[in-house]
């Protein structure tokens, strides 16, 4: 995948999103958009609906990018990846899926 520009969705507020943006930019990516759901606690993150998460993804995807990245565990993303990729015609990456694949590929189980 030749990803240079990303749109990002997080569960976080503006302060945390600034750190996320900085991280991706320091890795050499251009961040075309970052949309946070402003959920201050894990319980609130975990209770985010698929509808609100999808709307945040739609808002982020409105800015042209090579991929849509969801940052922060706890959002209901895994079941949304395939429909979002079809809808927005870009790869969608979730931190949950990336962590799972990273562990599997490293040979570690936990």
Q) Over the stretch 5-106, what is the mean sequence separation of C-alpha contacts under 8 Å (at least six apart), divided by residue count, expressed as relative contact order in percent? A) 30 percent
Q.
At 7 Å along Cα-to-Cβ for each site, give me the label-to-label distance between residue 3 and residue 63 in nm.
A. 1.5 nm
Q.
Given points 7 Å out from each Cα along the Cα-Cβ axis, report the residue 50 to residue 78 separation in nanometres with one decimal.
A. 1.4 nm
Q | Anisotropy class of the chain from Cα gyration tensor, a/c 1.5 cut | A | rounded
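Bear in mind these aren't lab numbers, they're just calculated from the coordinates by the rules spelled out. Remember, predicted model here, so these are calculated numbers, not experimental data. Note: ideal-geometry Cβ built from the backbone for every residue, glycine included; neighbour counts use all protein chains shown.
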